[in-house]
Amino acid sequence: MAIAQMILGVALLFAGRKLYWLFVGAAGFVVGLVVGPQLIKGESEWVAFALALGIGVVGAILALAVQRLAVAIGGFLAGGYLAAMLVQALNLEQGWLAWGVVIVGAIIGTMLVTAVFEYALIGLSALVGALLIVQQLDLSQSVMMLILGGLLLVGVAAQYIALRREQKHEAAKSEAD
């Protein structure tokens with residue numbers, strides 16, 4: 001599972017905007033992994049994994065069918081996931097406060113993705129990709145934060161450069177027509 005998470009993290013880091021369906025599916029899967037065990041207490045890890053996989057597959061299928069809606073859902077899930085990681089990092093109590101932070105993060109993620117679609121997708125997919133990679137490393141918290149920041153910068157830069165190339169190519173194609 002760790003290798004799959006690393007591969008998914010790298011894919012999101014460098015191509016999350018281009019593979020938006022992967023971003024939405026991965027966000028659903030990761031949220032399912034985090035929230036699933038809390039929703040189905042007492043069940044085996046395989047049941048939680050199957051639930052997470054199901055959420056991810058539904059998200060990816062939605063992304064292919066209804067792009068903007070699916071990406072908004074992906075923003076909701078990614079924002080919620082990032083807020084859940086913040087709750088965990090700050091050691092906040094499980095309960096209403098933690099759920100409130102997660103819901104606010106999810107709403108902010110949705111608003112970001114819908115307001116500045118391409119750029120928010122770049123930022124959120126690079127951040128989720130970097131987090132998926134860093135979570136697999138067994139290093140001190142400070143070193144992990146440095147690596148997270150570096151990966152985030154590299155992922156955002158790579159995706160932004162790819163977006164600019166696409167925009168220039170489309171502009172040149174429009175002028176030729």
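The values are calculated or read from the model by the stated rules, or taken from the named source; none is laboratory data. Only a predicted model underlies this, so the values are computations on that prediction, with no experimental measurement involved. So basically every Cβ, Gly included, is an ideal-geometry build from the backbone, and we count neighbours across all protein chains shown.
Taking segment 130-159 as the region of interest, how many residues are under 21 Å from residue 90 (Cα atoms) and assigned to a helix (DSSP H, G or I)? Residues that pass the stated criteria total 15.
A single member of 66, 71 is buried (at least 18 other Cβ atoms within 10 Å of the Cβ) and at pLDDT below 85, and it is 71.
Exactly one residue out of 25, 80, 56, 105 is in contact with a Leu (Cβ under 8 Å, 6 or more places away or on another chain), part of a helix (DSSP H, G or I) and surrounded by 17 or more Cβ atoms within 10 Å (Cβ to Cβ), and it is 105.
If you scan segment 1-22, which residues turn out to be part of a helix (DSSP H, G or I), hydrophobic (A, V, I, L, M, F, W, C) and surrounded by fewer than 24 Cβ atoms within 10 Å (Cβ to Cβ)?
Going residue by residue through segment 1-22, those that are part of a helix (DSSP H, G or I) are 2-15, 20-22.
After this cut, where a residue has to be hydrophobic (A, V, I, L, M, F, W, C) as well, the list is 2-4, 6-8, 10-15, 21-22.
Within segment 1-22, 2, 3, 4, 6, 7, 8, 10, 11, 14, 15, 21, 22 meet the criteria.
Condition check ((1) among the hydrophobic types (A, V, I, L, M, F, W, C); (2) in contact with a strand residue (DSSP E or B) (Cβ under 7 Å, 6 or more places away or on another chain); (3) crowded, with 16+ Cβ neighbours inside 10 Å) across all residues:
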| site | (1), (2), (3) |
| --- | --- |
| 122 | yes, no, yes |
| 125 | no, no, yes |
| 129 | no, no, yes |
| 133 | yes, no, yes |
| 141 | no, no, no |
| 154 | yes, no, no |
| 168 | no, no, no |
| 175 | no, no, no |
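Screening 161, 133 for residues that are closer than 12 Å to residue 17 by Cβ and among the aliphatic types (A, V, I, L, M) leaves exactly one candidate, 161.
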